[in-house]
Amino acid sequence: MESNISFTLKVWRQAGPKEKGGFKNYEMKDIPTDTSFLEMLDILNEQLIEKGEEPIVFDHDCREGICGMCSLYINGHPHGPATGATTCQLYMRRFHDGETITVEPWRSAAFPVIKDLMVDRNAFDKIQQAGGYVSFNCGGAQDANAVLIPKTAADEAMDSATCIGCGACVAACKNGSAMLFVSAKVSQFALLPQGRAEAARRVKAMVSKMDELGFGNCTNTGACAAECPKNIKLSNIARMNREYLCAKIKD
Amino acid sequence: MWLTNSSVGRKMVMGITGLFLVLFVTFHVLMNAVALFSPEGYNAVCEFLGANWYAILGTLVLAAGFVIHIIYSFWLTLQNRRARGNDAYEVSKRPATVEWASQNMLVLGIIVVCFLIVHFVQFWAKMQLPELLGEHLEFTGMGYVYSAFGQVWTLPVYIIGFIALWFHMTHGFWSAFQSIGANNDVWLSRWKATAKVWATVVCLLFAVEAIWFTIEAQDKSNMDKYGINTEAVVENAVSDAIEAMGITITDVE
Ligand code: HEM
Ligand code: FES
């Protein structure tokens, strides 16, 4: 049921990558609980602009949970307290009247802050460019059954492919590890015949790019999978390890 | 070399050495169990594993396993801290599915190392080391057990070590299989369950043994019955007597 709540927003403000940041508190009055979290920030930004202050910078695009642009570490969780949902899918009904809501940027050495709550996630693009694709042309559509793919493999590949590359896994990880992201991208191809052709080259290239960019070594705490808005599974990491080790041992 | 240069390779080294240590610890606890039932049997085991070539080889392999595991653990932890960066979150919550142990493996490992140092001073430094130096042992295997556990502080120190080991193994065991790629959705819960059971059996048995030795060590007659190395007593007496007679023996060879 809809109602209005008032709360304190404690937001990380940082003027630029090299600038020193700090928290700033904002009192939010009578926000309807069916406002989305990002809409609530829009309301705050309009107030700030009216007062002649700098609006808060944060990433967003589709606002329907598919692009992976929104981020925000809210009350100790990437994408906030809801599970299996992105920040843009988070609603104010999750919060209580009088609460203090702490909003921070993703924190990881490989994701430096650009401004306020916006971080540079270019590192993920670089990992994708290193091998997260199929290099040959697929040609025209063939008969549906020309290449047989078991249902379980197709389902798992699809589940892995739902990763939107938002970086919540890295943000959640005490080791700053990107293994859940990379393993999802490796898996979505490795499970399908079209992807198998280049599986060994792909996993080696993507892992080595990931290491080069300074992401950490996974210690299997599982915080990534627990916080992932797309419920990407931990077993992807085991698959990536297996693919990588087999490829290296064969070399 | 990908075993040092790649994150997946480093984790494999961590996992393999960790599993090797799990196997060793399991072997160790079973060997101790002999002493619960038969002090003479345990003395025989100790004599068998004295300073023979196979025991020395085993010790060297084991030491290598420990050293690699420990070096990698510090190295990986340092890298991970750097990857994480210096800015800590103001508010940070651990999701319910994340094991506490998994986030504190280095601390738990360091507690285990501290325990191991005490353990080495009490046993290895008195048993295999002097034998390697060619000295005669004053006590039997059971003798060293009684003299160590006769001290009041020994039991609590050991129990702390076992608790740290339990936490370390409950996470480490399944994590190692994940690291070497031997895991999937079905096996994840199986490995986790096996890890809990394995760690609990091993650590509980260690604890039972430590408590039992502490009780037995209170009864001084046990020391006289099983603890004295009679052969060494005779040999030492002979050399003492020779010395007393003022004769110096030079190597005949
Ligand atoms: C008998 C003693 C020990 C056993 C049985 C043992 C076992 C294991 C196992 C099975 C793992 C999992 C490996 C993986 O996740 O791939 C592990 C990880 C770890 N061990 Fe040990 N270990 C022992 C002693 C130590 C010591 C002495 C230290 C450090 C001082 C240590 C530090 C670590 C750390 C930091 C990890 C996590 C590393 C990572 O996951 O990246 N361990 N251990
Ligand atoms: S804005 Fe696109 S996923 Fe949230």
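Things worth noting here:
- Single residue of B:L165, B:L129, B:L133 found to be among the aliphatic types (A, V, I, L, M), more than 14 Å from every other protein chain (Cβ to nearest Cβ), touching a residue at least 24 places away in the same chain (Cβ under 8 Å) and more than 16 Å from ligand 2 (Cβ to nearest atom): B:L165
- For the range B:171-203, the tally of residues that are touching a residue at least 40 places away in the same chain (Cβ under 8 Å) and more than 12 Å from chain A (Cβ to nearest Cβ) stands at 3.
- With respect to being more than 12 Å from every other protein chain (Cβ to nearest Cβ) and under 30 Å from A:E64 (Cα atoms), A:M179 falls outside the description.
- Sole residue being in a loop (DSSP other than H, G, I, E, B), more than 26 Å from the chain's Cα centre (by Cα) and away from ligand 1 (no atom under 16 Å from the Cβ), chosen from A:G52, A:G68: A:G52
- Check on A:L90, crowded, with 21+ Cβ neighbours inside 10 Å, hydrophobic (A, V, I, L, M, F, W, C), at pLDDT 95 or above and farther than 30 Å from A:R196 by Cα: yes
- Filtered residues of the range A:113-162 (kept if without any contact (Cβ under 8 Å) to a residue 12 or more places away in the chain and of a type in the set (G, A, S)): A:G139, A:G140, A:A141, A:A144, A:A146
- A:K24, sole failed condition from (1) more than 14 Å from every other protein chain (Cβ to nearest Cβ); (2) more than 16 Å from ligand 2 (Cβ to nearest atom); (3) not in a helix (DSSP H, G or I): (1)
- All helices (runs of 4 or more DSSP H) inside the range B:147-249 with 3 or more residues being modelled with pLDDT of 90 or more: B:154-179, B:185-218
- The residues in the range A:202-233 that are within 16 Å of ligand 2 (Cβ to nearest atom) and part of a helix (DSSP H, G or I) can be counted, and the count is 1.
- The requirement of being closer than 20 Å to A:T83 by Cα, more than 15 Å from ligand 1 (Cβ to nearest atom), buried (at least 19 other Cβ atoms within 10 Å of the Cβ) and under 17 Å from the mean Cα position of the chain (by Cα) is fulfilled somewhere in the range A:213-225, by at least one residue.
- In this structure, B:I111 qualifies as surrounded by 14 or more Cβ atoms within 10 Å (Cβ to Cβ) and under 19 Å from B:V67 (Cβ atoms).
- Among the numbered conditions (1) touching a residue at least 24 places away in the same chain (Cβ under 8 Å); (2) over 20 Å from the mean Cα position of the chain (by Cα); (3) within 16 Å of ligand 1 (Cβ to nearest atom), the only one that A:E243 does not meet is (3).
- Out of A:K185, A:K204, A:K233, sole residue that is closer than 20 Å to A:F136 by Cβ and at the interface with chain B (Cβ under 9 Å from one of its Cβ atoms): A:K204
- All told, A:C228 meets the bar of being more than 7 Å from every other protein chain (Cβ to nearest Cβ) and crowded, with 24+ Cβ neighbours inside 10 Å.
- Long-range neighbours under 6 Å by Cβ, at least six apart or interchain, first residue within 19 Å of A:Y73 (Cβ to Cβ) within the range A:38-58, second charged (D, E, K, R) and surrounded by 14 or more Cβ atoms within 10 Å (Cβ to Cβ): A:I56/A:D116; A:V57/A:K115; A:V57/A:D116
- When the residues of the range B:76-103 are filtered to those that are more than 28 Å from A:V113 (Cβ to Cβ) and within 31 Å of the chain's Cα centre (by Cα), the one that is nearest to the other protein chains (Cβ to nearest Cβ) is B:T97.
- Qualifying residue in the range B:183-204 (condition: surrounded by fewer than 16 Cβ atoms within 10 Å (Cβ to Cβ) and over 27 Å from B:V13 (Cα atoms)): yes
- Taken as a whole, the structure leaves A:A178 outside the set of residues that are in the same structural domain as A:I237 (by TED's automatic domain parsing) and either surrounded by fewer than 20 Cβ atoms within 10 Å (Cβ to Cβ) or more than 21 Å from B:R82 (Cα to Cα) (or both).
The values are calculated or read from the model by the stated rules, or taken from the named source; none is laboratory data. Just so we're clear, the structure is a prediction, and the values are computed from it rather than from any experiment. Positions of Cβ are backbone-derived with ideal geometry, glycine not excepted, and every protein chain shown enters the neighbour counts.
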